[in-house]
Amino acid sequence: MKKITLFSLFLVFISVPLLHGQNTVDLYAMNDDGEIAKYSYDSGTDTIFLEDSSYGDITATGGGIQKAYALAQHPITSQVYVLIQEGGQRFLWEYDIENDIIVANLGQIIETPEPDYGGINNIAFGEDGTLYGSFKTNAANSIKTINLPDLSLQSISDIFWGGGGNGLVYDFDNQKLIVVRKP
């Protein structure tokens, strides 16, 4: 299976390259409406160019999606995952980005029964295949690991700031999980 890079125009972000030639890498961007555009990066000229502005659409794949939050690709299996909101709840889907098909709805990601919590905002894979999620509650933001396939959670860090959601990405070069705060 090919390696790809996924990133977002609206706080949906991941990065794992798909090499298909000597210098070219495919990039995919998803906005919060679930629309996917395909770009290419040429490392020889250090240029990013748009290949297809309507490459895919998560909302057209079915399921009553209200908002798309994140794309992430497993670094070992190359499976692409999508974090979406459906019926007011957050779900994790397996997604075939090459064919624009939802492979499976893995289920709802539930952090707490607390009312008015923001829930999971973003996902990113570590180099060993660990799936991380950033969560927002009324009191704090937190980072948790998400076990595949049962979606059980294990807290690894609480971050005490109020306000908007978190950006989350794994830096494969430096082996670090990076959390970005929306002011």
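Of everything in the stretch 111-129 that's open to solvent by 40 Å² or more (accessible area, probe 1.4 Å) and modelled with pLDDT of 80 or more, which residue is nearest to the chain's Cα centre (by Cα)? Talk me through it step by step, then tell me what you get.
First, the residues of the stretch 111-129 that are open to solvent by 40 Å² or more (accessible area, probe 1.4 Å): 111, 113-117, 127-128.
Filter once more, so that each one left must be modelled with pLDDT of 80 or more: 127-128.
Values: 127: 15, 128: 16 Å.
Per the criteria, the residue is 127.
Can you pull out every residue in the stretch 52-77 that is open to solvent by less than 10 Å² (accessible area, probe 1.4 Å) and either touching a residue at least 60 places away in the same chain (Cβ under 8 Å) or not in a strand (DSSP E or B) (or both)?
Matches in the stretch 52-77: 58, 70, 71, 72, 73.
If you go through the stretch 78-110, how many residues are surrounded by fewer than 15 Cβ atoms within 10 Å (Cβ to Cβ) and more than 27 Å from residue 39 (Cα to Cα)?
Of the residues in that region, 6 qualify.
The values are calculated or read from the model by the stated rules, or taken from the named source; none is laboratory data. Bear in mind that the values here come from a model prediction, so they are computed numbers and not experimental data. Please note: Cβ atoms are built from the backbone with ideal geometry, for glycine as well, and neighbour counts cover all protein chains shown. SASA here: full protein model, heavy atoms, side chains in, ligands and nucleic acids out. Shrake-Rupley method; radii C 1.70, N 1.55, O 1.52, S 1.80 Å.
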